[in-house]
Each structure stands twice: as C-alpha cells, then as structure tokens.
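J.: Structure below; questions to follow.
The values are calculated or read from the model by the stated rules, or taken from the named source; none is laboratory data. No experiment lies behind these values; they were computed from the predicted model shown. Cβ sites come from the backbone with ideal geometry, for glycine too, and all protein chains shown count toward neighbours.
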Amino acid sequence: MDIKRYSENSVTVYLGDEISEAINKQLVHLKNELEDMEMDGVSEIVISYTSLIIYYDIFKTNGKDLEDVLKTIDPARLEKRSFKYNLVEIPVCYGGEYGPDLELFDDNGLSPEEVIELHSDTKYLVYMLGFMPGFPYLGGLDERLFKDRLDNPRTSIPAGSVGIGGKQTGMYPFTSPGGWNLLGRTAIPLFDENRDPQILYEAGDRIIYRSIDEDEHKKLQQQVENNDYEVKITSREAK
Amino acid sequence: MTFKVLNPGMFSTIQDAGRFSYQTFGFSPSGVLDYRAYQLANRLLGNEDDAAVLEMTLQGVELLVEKDAMISTSGAEAPITIEGNNYSHGTVIKVMKGETLKIGKCENGSRTYLAVLGGFDVPEILGSRSTHTRSGIGGFKGRTIKSGDVLKTLGGDFSDGMKKIKAFESDNNIRIIPGQQYERFKEDVQRKLFNSEYTITKDSDRMGIRLDGPGLETDEGHDVLSEPTQLGSIQVPKNGQPIILLNDRQTAGGYVRIATVALADIPKLVQKSPGETLTFEEIDVDEATKIYKEELAKIDSGEYFEDIRDFTSVRRHTSLKISKLMGV
C-alpha cells in the first residue's frame, strides 16, 4: 500500500500499477471498509484502476491521521474476504441503425452474428466510472473483438450506444462525440435522476449484455417513456 | 422573487458549492469556480453557505425584475446599472418590480457573481443545484441560461446590508504542490515549470485552463492508467502544454500530472482571463493546507468586508431608513 498526498483535502492510496481483477477487489473492499468505519470528516472516496482517493474536511481530520488509520489495514487480507456485487443486465439491440459498425469486424474475420455472440452473455467487470457520469470502464472483452477507434470520430453518438474502443467495451450514458466502434444500443437510461439508483452500477459490479431484437427494443423504449420499466439487477457473492 | 432573462451574457450558469460524493460514479463536481467570491456574495445577504448563485463569464446579464428582490454581486468587477443608474459592485441592492438590472462586462477578472436572497430556486440533483453543461445535469435545465428564461429565488428574511466587499489585490503567482508524476519529469524540466511564464489560452473554460509556454516533456511517457482527477490538477499531454483542471473536469484522466494548484490560490487563478500570464511557485502539501485554512478563516471572519460610508451608492431600502433617521 502506497499512501500519498497531492492536495490539501485528499489522500491517495495505490495498491498496484496494472489493471487486475485482484487489485479492483482490494480497492472495493478497502472503500467498503473505510465507509463502514464512518470516520469523522471523510466526505468522499473515488475508485480508479489501481488507486482510490479519499477526500476529507480539513477542519475535521487531516492527512496524517488518515494515513495512520490506513496503515492498520492489510489489503491482502481484504482480498481473501467474500465479496458481494451486483450483476446488472443491459438489453442491447445489436446492428442496424443502432450498431452501424458491426460490419467492420469483417476485418477481424468475424460475422455480425459472431460479434454479437462474443460480446453478449459475458460478465464484464466494472473497474471504475469516469469520462462522463455513469460511463463504465469495463474489463473482460474477448480479444478477438479488440478494434482500434475510428479514424474519424463521430460528432454525436446517441445516448445508450454500446461499443468497442481498442481493448475496451462500454456504453455512452449521454449523447456525446466519440470514436468508438458502435455495436448496438440499449433503451435503458444509464442515468435517470428519478430512479433509485440513479446510476445502475459501481466499481466492482458486473455488467452483462443481453441481445434483444428490434421489436423488443421498441417495446422497452415505450416502457421507458412511460416510466414503467425494470432493470434486472441481481446480488451475487464471490469468493 | 423572480427574474426574466433579457440578455443571458456569454456563459451564465446557476452554481452552488458543488456536487460532491458522486465522483466515483463519474459526476463532475461542477459548482462555482471562485469559492471566495461565492461565499462573500451569500454572506452579504445572510444566505446559507450553499445557496445557488448565477456565475457569469466575462460578460454579465440583463434581467427584468418581476418581483421585488434583494441581490448582491461579487467576483470580477462589472458595472451594475438599474434603470440606467449606476450602483456599487460588492454590495447588497434592492431591486423592484418592473426594473431592468444590467450587469456589464467584467473589468478586472473573468467571473462575476449574482446572489439573491435565499439563493436561486432550481431542483437539487444528487444533492446540488450546480449546472454541469456537458452532461446537461443540474442548475437551470442543465444548461446556460437563455433569453426568456424565468429564474425563481427562494427568498427569506433580510436584515443587515451595510457592508461592501473589499477590492482584492492580485498578482500572477500561483502556488502548486508537486503532483502524482512530478518525479517523471527531469530536473531541468521541473525548473522550466518554475522559471517560466505560461499564458492562458482562449480554449480555457470551466473544464480547464489551457496554458501556452515552454513545453514540459518527459521521456517516460505522458499517459498513465486513468486515475481520479482533482481540482487544480496540472496535467501535461504529449504536446507538453499544461492544462489546469477545474470544476467541470472529467472525473478520471489518463495524462501525467506534474502538480496540483493550492486551493488557497484557486480564487485568484479562476479570475485570470485568456492572454494573461501565470508563474508557479512550489510549496508542500502541509504549507498548502495551512494557507488554505487561513484563507477560509479570513472569509469566515468578515475580514473581506468593509463598512459602507458612501451612502450615495446605497439603494432605497437603506438610504430611505437613513434619511428618516437623519430627519431629512
């Protein structure tokens, strides 16, 4: 555990220097442990690939005291604990207008059907969120689907688009410019301010894409419009 | 108390102290850039510390007052006129139904603030009224205000208005704390950072201040695994030109970070305009904490206020009372 201070009101804890499921698990455990302690003055904990950052109120605590608390925690011990996470199912309508780049995987020697088969029904790990609210950095993409970003990024990608950029897969919660290869789209709002939870997943959770046809997609769109839709989220436990 | 927007200025958004506790979900904190000006404007009115204000960039707004209201202004000085008459910046002013309130061009800074009694009444999203325009979340419909918008305020009781915010002295020196990848830069490059002037470019916005100056290169690469960003993080992409991250930044970033701007110097920094230059001075994190606490204590103590002596600048609500007392 490497503990650093780069600002007046935060402490950063590094648990490694590469992307790995084990480090992600330790970070999530560490975050949970720190939150359970309900330490006075700790206001926010943010997870990334290899580190987490703890923000605090400088009038209630200080970096040195937090460092002392952190030193009492053994991350290797945390990793051995059992682990609760949510499995979030995202229905995706692949291809057509929703996934205009599906055909490009011809270069990878894959038919659209093969791309869909390789991309869906896989449990992707949410390493962290960032870039935009609810944007997940996912791990676990089949390497046959690795594909460089588009040479000419699109100026506008619709919200809910699911795609691949390099070695990563993910989805755009908001309409935005972007250079990812688009495979399909989900009708489920990835951020909904009137829903609890507003964002469906957090670091340590898993996302699984389920392929649905256009009829089902349109039906779901209607349900979302009527605010009468459900997202399948199941709580799982891992060793 | 409501206002109708007649002219929205250049980039005017509703902001409060910021949207915290959701960065791990990817929500930018947003919120006012100049926390000092924000606190002072609210304190003038006796508002809560987290009341929402209007932040205007470089150019003020023109508002039609639809109901009588108490307002205050702070931040960059900008001429304030009501029905063509001039009023002082940094004070409380009563505005009345039917009047036009005009805030002009920023004169010695780049962000000017309008506070209203009780704060602006927009829905709280994830615990904050701040606007994040890039994701369209919070504030007034998630966007900058437009002509024709009607801004409501929460209102409340008002008592003391005989204070004025003192003028701030400013220089170009920004204190910084060595950052996550400071050691990745060779000593001569580190020296370059502290011995050069960097100019603020026109591409700067609420996400970040882009600088132009001697390039800061490292042979060890400018990319890192995405990590949480911080307010004031100075990241250096491959072209060597530093970018100082501000409130609307993305919550994760993959560029090396050479330093972090001390929070005490954020109010000074965010008032700089494109074309102005900055120099940097190294301090350690303990020193930065000390000066930040001192800054917050100064805001809290009322040290930045002075009593109003020139009553010609005071508007009716107080001047009437005073003339009554004086028997004129």
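J.: Which members of region B:44-72 meet the condition of being under 18 Å from residue B:157 (Cα atoms), touching a Phe, Trp or Tyr at 6+ places or on another chain (Cβ under 8 Å) and not hydrophobic (A, V, I, L, M, F, W, C)?
T.: Once the filter is applied, which keeps residues that are under 18 Å from residue B:157 (Cα atoms), touching a Phe, Trp or Tyr at 6+ places or on another chain (Cβ under 8 Å) and not hydrophobic (A, V, I, L, M, F, W, C), region B:44-72 yields only B:46.
J.: Within region A:148-155, is there a residue that is touching a residue at least 40 places away in the same chain (Cβ under 8 Å) and either within 14 Å of another protein chain (Cβ to nearest Cβ) or surrounded by 19 or more Cβ atoms within 10 Å (Cβ to Cβ) (or both)?
T.: No.
J.: Here is a further query. Among the residues in region A:84-100, are any surrounded by 15 or more Cβ atoms within 10 Å (Cβ to Cβ) and either within 14 Å of another protein chain (Cβ to nearest Cβ) or among the polar types (S, T, N, Q) (or both)?
T.: yes
J.: Which one is surrounded by the fewest Cβ atoms within 10 Å (Cβ to Cβ) among residues in region B:167-206 that are in contact with a Gly (Cβ under 7 Å, 6 or more places away or on another chain) and assigned to a strand (DSSP E or B)?
T.: For region B:167-206, the residue satisfying everything is B:199.
J.: Have a look at A:53, A:23, A:58 and point out the one that is surrounded by fewer than 22 Cβ atoms within 10 Å (Cβ to Cβ), at pLDDT 95 or above and either touching a strand residue (DSSP E or B) at 6+ places or on another chain (Cβ under 8 Å) or farther than 22 Å from residue A:134 by Cβ (or both).
T.: Matching residue, one of A:53, A:23, A:58: A:58.
J.: Which numbered condition in (1) within 26 Å of residue B:125 (Cα to Cα); (2) surrounded by fewer than 22 Cβ atoms within 10 Å (Cβ to Cβ); (3) in contact with a helix residue (DSSP H, G or I) (Cβ under 9 Å, 6 or more places away or on another chain) is the only one that residue A:195 fails?
T.: Of (1) within 26 Å of residue B:125 (Cα to Cα); (2) surrounded by fewer than 22 Cβ atoms within 10 Å (Cβ to Cβ); (3) in contact with a helix residue (DSSP H, G or I) (Cβ under 9 Å, 6 or more places away or on another chain), only one is false for residue A:195: (3).
J.: Give the residues of region A:11-30 that are in contact (Cβ under 8 Å) with a residue 40 or more places away in the chain and in contact with a helix residue (DSSP H, G or I) (Cβ under 8 Å, 6 or more places away or on another chain), sorted by residue number.
T.: The answer is A:11, A:13, A:15, A:22, A:25, A:26, A:29, A:30.
J.: Could you tell me which of the residues A:49, A:98 is assigned by TED's automatic domain parsing to the domain that holds residue A:206, closer than 30 Å to residue A:145 by Cα and among the hydroxyl-bearing types (Ser, Thr, Tyr)?
T.: Answer to the check: A:98.
Okay, residues lined up against (1) under 21 Å from the mean Cα position of the chain (by Cα); (2) of a type outside the set (A, V, I, L, M, F, W, C):
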{"residue": "A:196", "(1), (2)": "yes, yes"}
{"residue": "A:201", "(1), (2)": "yes, yes"}
{"residue": "A:204", "(1), (2)": "yes, yes"}
{"residue": "A:207", "(1), (2)": "yes, no"}
{"residue": "A:212", "(1), (2)": "no, no"}
{"residue": "A:216", "(1), (2)": "no, yes"}
{"residue": "A:220", "(1), (2)": "no, no"}
{"residue": "A:223", "(1), (2)": "no, yes"}
{"residue": "A:226", "(1), (2)": "no, yes"}
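J.: Every residue in region B:5-47 that is surrounded by 24 or more Cβ atoms within 10 Å (Cβ to Cβ) and among the basic types (Lys, Arg), please.
T.: Once the filter is applied, which keeps residues that are surrounded by 24 or more Cβ atoms within 10 Å (Cβ to Cβ) and among the basic types (Lys, Arg), region B:5-47 yields only B:19.
J.: Considering region B:130-173 alone, what residues qualify as being among the β-branched types (Val, Ile, Thr) and within 14 Å of chain A (Cβ to nearest Cβ)?
T.: B:131, B:133, B:137
J.: Do you know which residues across region A:14-55 are under 22 Å from residue B:289 (Cα atoms) and either away from every other protein chain (no Cβ under 11 Å) or part of a helix (DSSP H, G or I) (or both)?
T.: A:39, A:40, A:41
J.: Evaluate the following for residue A:73: is it out of contact with any His (no Cβ under 6 Å at 6 or more places or on another chain), within 13 Å of chain B (Cβ to nearest Cβ), assigned to a loop (DSSP other than H, G, I, E, B) and aliphatic (A, V, I, L, M)?
T.: no
J.: Only residues that are out of contact with any Gly (no Cβ under 8 Å at 6 or more places or on another chain), crowded, with 23+ Cβ neighbours inside 10 Å and either within 11 Å of chain A (Cβ to nearest Cβ) or charged (D, E, K, R) (or both): list them for region B:229-252, please.
T.: B:230, B:232
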